[in-house]
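Colleague: My structure is below; once you've seen it, I'll send some questions.
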Amino acid sequence: MARKSLALALLILALALLPPWLLSSYRLFQLTMVVVYAIAILGLDMLTGYTGQISLGHGAFYAAGAYTAAILMASFDVPYWATLPVAAVICFGFGFAFGFPALRLGGLYLALATFGLAIAVPQLLKLKLFEDWTGGVQGIVISKPDPPFGLALSQDQWLYLFTLAVGVLLFLIARNLLRGRIGLAMRAVRDRPVAAEAMGVDIAMLKTRTFALSAMYTGIAGALGAIAVQFVAPDSFSVFVSITLFVGLVVGGVTSLLGAVLGAIFIVFVPNLADQISKAAPGAIYGVILIGFLMLLPAGVASLARRALAPRRAMTNQGETR
Amino acid sequence: MQALWHQIFSGIATGGIYASVALALVMIYQATHHVNFAQGEMATFSTYIALALIEAGFPYWLAFLATIIVSFAIGVIIERVLMRPMAEAPVLASVGVFIGLLLIFNSVTGWIFSYSVKAFPSPFPETSQFLGGWASPHEVGATLVTLVVLVLVYGFFRFTKLGLAMRAAAYNPVSSRLVGIRVGWMLALGWGLAAAIGAIAGMMVAPIVFLDPSMMSGILLYAFAGALLGGIDNPLGAVIGGFAVGVIENLAGAYVVGPELKLTLALVIIIAVLIFKPAGIFGRVIVSRV
């Protein structure tokens, strides 16, 4: 199992290194967004998949990360790569502060509270109070970074490789974290809170830290996304960002690193596909495809790969990481 | 003082709309323990049907009635076709289906009826001296309609055999099945009723906020806040919570935070309720062993 998934991970990485030399810059941009969303979905998965807390408001953390990067680059001339750690710290703190009260609620109530957060985000970003920094309704335009050390790469190629490197690093950290003691504690809290508490897991603290970590991942993704799109504005962070991330998570499959990547592919390419099928009502086509996926594969697309990799352990590996 | 009373009255009127949507949410929550995120979009779709009927020459109240019946049917069909196969699926997948429904309804509404903002007629007179001009006739009428719906729903659940069967099916599906209640149909009926109530709310709010495909998304948030404030398992509580949120929103919007932050206010209410009184004011506190 371990060797097979290592081989699979290496294969995906090898495939991911090809596109800069094969595809047009628009396709490359789309792939950059796949990596960005994969990081964000991975963050959501830690909270929803591993710890069992539904969040419909992760778009708020994505927006926080994006605005952090944009404000630092536009108002303070901070280089793009240095905005990522700042976005990470800010979103960690934001997640901790929001998660502490919200996580005392179970399941559906948390979903509602976070949904409220998602709906309120554009209004908060438009506030006159912060207009000097956020640019109000207009938003902020930022410029695309040049490749360093005089490398012979286009801006798009460099941005894709940079994003991919950050993504691989974050996936490795997540993999080690989720396989170790903390990951076990998260799953224990999800499946058997009583037993987890009895074994000495501080449930409230673990949930809050997970929420903060999850917000941090999504925030880093937001910062990368802002650099790739080169523009942030309140209305691009409507409730649909949160919904999109959630859709990616559910379609890809929870508790699976591979699922985060598959879900990201879904949310980047299926809306385009829906657009091609029907110009008039792309949302309806998207919705139908989404519901179709969920009916055929309620456990996500990654469950197919899981079955293929471990045919005889189908029933027991619900919480398996790879 | 005049201005204050006016704010309170229009708060009660918009609160009535929130109360209807909150009531629809609570009905589905009681029957299925799901919160339907597509409720608002379904109500908007129903309102467009009503507009189409009125424009085709139907008298208002006939169109009103026809819309309620069509919405009821749509609710039942959605439960039968989409939610039934998902009954055994993980919670995450069913929330995903709700989101899919939201996208479909939003997009289909815009596709069939166009995205442009439209005016929706009110069945009540334009102006009157009723209540000393503190509230428009439509606001008073909408509040009355909400109250009538509430009384009907209460009576249905309290005094009819079907209402009792629905409550039993939600409370204890296995035993209900054993005494011959068709639990599956009770769920479908719950969906139908919720869709019908949502349709009424949509037709009452449309003359105030104007009709466009995303009309209900903000309203849905206030309705959530109202349902939580009153207690998500208590229909009467949800209605009172809905009215309360309407008044709070109007007063705070006029005197405290200004109109820009009205939606954020709903978020603050939600979080405050969740922190200080998670069961809501009238909800049952569920004690679980942790």
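Colleague: So which residues in segment B:170-219 are among the polar types (S, T, N, Q) and in contact with a Gly (Cβ under 9 Å, 6 or more places away or on another chain)?
Modeller: Scanning segment B:170-219 gives B:Ser214, B:Ser217.
Colleague: Check B:Phe113, B:Phe98 and return the single one that is within 17 Å of the chain's Cα centre (by Cα) and either open to solvent by less than 50 Å² (accessible area, probe 1.4 Å) or on the phi < 0 side of the Ramachandran plot (or both).
Modeller: B:Phe98
Colleague: Also, I was wondering about something else. Of the residues A:Ala264, A:Ala305, which is open to solvent by 20 Å² or more (accessible area, probe 1.4 Å), out of contact with any His (no Cβ under 7 Å at 6 or more places or on another chain) and either over 25 Å from B:Ala38 (Cα atoms) or modelled with pLDDT of 80 or more (or both)?
Modeller: Numbers: A:Ala264 fails: open to solvent by 20 Å² or more (accessible area, probe 1.4 Å).
Among A:Ala264, A:Ala305, only A:Ala305 is open to solvent by 20 Å² or more (accessible area, probe 1.4 Å), out of contact with any His (no Cβ under 7 Å at 6 or more places or on another chain) and either over 25 Å from B:Ala38 (Cα atoms) or modelled with pLDDT of 80 or more (or both).
Colleague: Let me ask something else. Of (1) over 16 Å from the mean Cα position of the chain (by Cα); (2) over 24 Å from A:Cys91 (Cβ atoms), A:Gly253 satisfies all except one. Which?
Modeller: (1)
Colleague: How many residues are touching a residue at least 24 places away in the same chain (Cβ under 8 Å), within 14 Å of chain A (Cβ to nearest Cβ) and assigned to a helix (DSSP H, G or I) when one looks only at segment B:230-254?
Modeller: The initial filter retains those residues of segment B:230-254 that are touching a residue at least 24 places away in the same chain (Cβ under 8 Å), namely B:230-251, B:254.
From what's left, within 14 Å of chain A (Cβ to nearest Cβ): B:230-233, B:238, B:241, B:245, B:249.
With assigned to a helix (DSSP H, G or I) added as a condition, the list becomes B:230, B:238, B:241, B:245, B:249.
Counting residues in segment B:230-254 that are touching a residue at least 24 places away in the same chain (Cβ under 8 Å), within 14 Å of chain A (Cβ to nearest Cβ) and assigned to a helix (DSSP H, G or I) gives 5.
Colleague: Scan segment A:226-244 for residues that are more than 14 Å from chain B (Cβ to nearest Cβ) and polar (S, T, N, Q) and report the count. Break it down stepwise before answering.
Modeller: Step one: filter segment A:226-244 for residues more than 14 Å from chain B (Cβ to nearest Cβ), giving A:226-233, A:236.
Retained after the next criterion (residues that are polar (S, T, N, Q)): A:230, A:236.
Count: 2.
Colleague: Within segment A:272-283, does at least one residue satisfy the condition of being among the β-branched types (Val, Ile, Thr), outside any helix (DSSP H, G or I) and more than 9 Å from chain B (Cβ to nearest Cβ)?
Modeller: No - not one qualifying residue is present in segment A:272-283.
Colleague: Being over 19 Å from the mean Cα position of the chain (by Cα), surrounded by 14 or more Cβ atoms within 10 Å (Cβ to Cβ) and either within 11 Å of chain A (Cβ to nearest Cβ) or farther than 25 Å from A:Phe293 by Cβ (or both) is the filter here; which residues of segment B:60-80 pass it?
Modeller: Of everything in segment B:60-80, those that are over 19 Å from the mean Cα position of the chain (by Cα), surrounded by 14 or more Cβ atoms within 10 Å (Cβ to Cβ) and either within 11 Å of chain A (Cβ to nearest Cβ) or farther than 25 Å from A:Phe293 by Cβ (or both) turn out to be B:Tyr60, B:Ala63.
Colleague: Scan segment A:13-33 residue by residue and report those that are more than 14 Å from A:Asp156 (Cα to Cα) and surrounded by 15 or more Cβ atoms within 10 Å (Cβ to Cβ).
Modeller: Once the filter is applied, which keeps residues that are more than 14 Å from A:Asp156 (Cα to Cα) and surrounded by 15 or more Cβ atoms within 10 Å (Cβ to Cβ), segment A:13-33 yields only A:Ala16.
Colleague: Still on this model: Filtering segment B:165-197 down to residues that are of a type in the set (A, V, I, L, M, F, W, C) and free of Cβ contacts under 8 Å to residues at least 12 places away in the same chain, which residue is surrounded by the most Cβ atoms within 10 Å (Cβ to Cβ)?
Modeller: The first filter runs over segment B:165-197 and keeps only residues of a type in the set (A, V, I, L, M, F, W, C), leaving B:165-166, B:168-170, B:174, B:178-179, B:181, B:183, B:185-189, B:191, B:193-197.
Subsequent filtering for residues that are free of Cβ contacts under 8 Å to residues at least 12 places away in the same chain retains B:174, B:178-179, B:185.
Numbers: B:Val174: 7, B:Leu178: 9, B:Val179: 9, B:Trp185: 15.
By that ranking, first place goes to B:Trp185.
Colleague: Let me ask something else. Which condition number does A:Val241 fail, the rest of (1) open to solvent by less than 10 Å² (accessible area, probe 1.4 Å); (2) β-branched (Val, Ile, Thr); (3) under 29 Å from A:Ile291 (Cβ atoms) being met?
Modeller: With respect to (1) open to solvent by less than 10 Å² (accessible area, probe 1.4 Å); (2) β-branched (Val, Ile, Thr); (3) under 29 Å from A:Ile291 (Cβ atoms), A:Val241 is out only on (1).
Colleague: Here's something else I'd like to know. Checking A:Arg27 against (1) modelled with pLDDT of 80 or more; (2) in a helix (DSSP H, G or I); (3) touching a helix residue (DSSP H, G or I) at 6+ places or on another chain (Cβ under 6 Å): exactly one of these is not met. Which one?
Modeller: Of the numbered conditions (1) modelled with pLDDT of 80 or more; (2) in a helix (DSSP H, G or I); (3) touching a helix residue (DSSP H, G or I) at 6+ places or on another chain (Cβ under 6 Å), the odd one out for A:Arg27 is (3).
Colleague: Right, next: Here are B:Gln7, B:Gln30, B:Gln39: which of them is among the polar types (S, T, N, Q) and more than 14 Å from chain A (Cβ to nearest Cβ)?
Modeller: B:Gln7
Colleague: Another question about this same structure. Spot the failing condition for A:Gly136; the list is (1) open to solvent by less than 30 Å² (accessible area, probe 1.4 Å); (2) modelled with pLDDT under 75; (3) more than 14 Å from every other protein chain (Cβ to nearest Cβ), and only one is missed.
Modeller: All conditions are met except number (3).
Colleague: Further question: Would you check if there is a residue in segment B:81-90 being without any contact (Cβ under 8 Å) to a residue 12 or more places away in the chain, open to solvent by 20 Å² or more (accessible area, probe 1.4 Å), within 8 Å of another protein chain (Cβ to nearest Cβ) and assigned to a helix (DSSP H, G or I)?
Modeller: Within segment B:81-90, one or more residues are without any contact (Cβ under 8 Å) to a residue 12 or more places away in the chain, open to solvent by 20 Å² or more (accessible area, probe 1.4 Å), within 8 Å of another protein chain (Cβ to nearest Cβ) and assigned to a helix (DSSP H, G or I).
Colleague: For segment A:200-225, which positions are in a loop (DSSP other than H, G, I, E, B) and more than 14 Å from every other protein chain (Cβ to nearest Cβ)?
Modeller: A:Gly200, the sole residue that qualifies.
Colleague: Within segment A:204-217, can one find any residue that is open to solvent by 50 Å² or more (accessible area, probe 1.4 Å) and either of a type in the set (Gly, Ala, Ser) or without any contact (Cβ under 8 Å) to a residue 24 or more places away in the chain (or both)?
Modeller: So far as segment A:204-217 goes, yes, one or more of its residues are open to solvent by 50 Å² or more (accessible area, probe 1.4 Å) and either of a type in the set (Gly, Ala, Ser) or without any contact (Cβ under 8 Å) to a residue 24 or more places away in the chain (or both).
The values are calculated or read from the model by the stated rules, or taken from the named source; none is laboratory data. Please read these numbers as outputs of a predicted model, since none were measured by experiment. Positions of Cβ are backbone-derived with ideal geometry, glycine not excepted, and every protein chain shown enters the neighbour counts. Please note that ligands, DNA and RNA were not included when accessible areas were found on the heavy atoms of the full protein model with its side chains. Shrake-Rupley method; radii C 1.70, N 1.55, O 1.52, S 1.80 Å.
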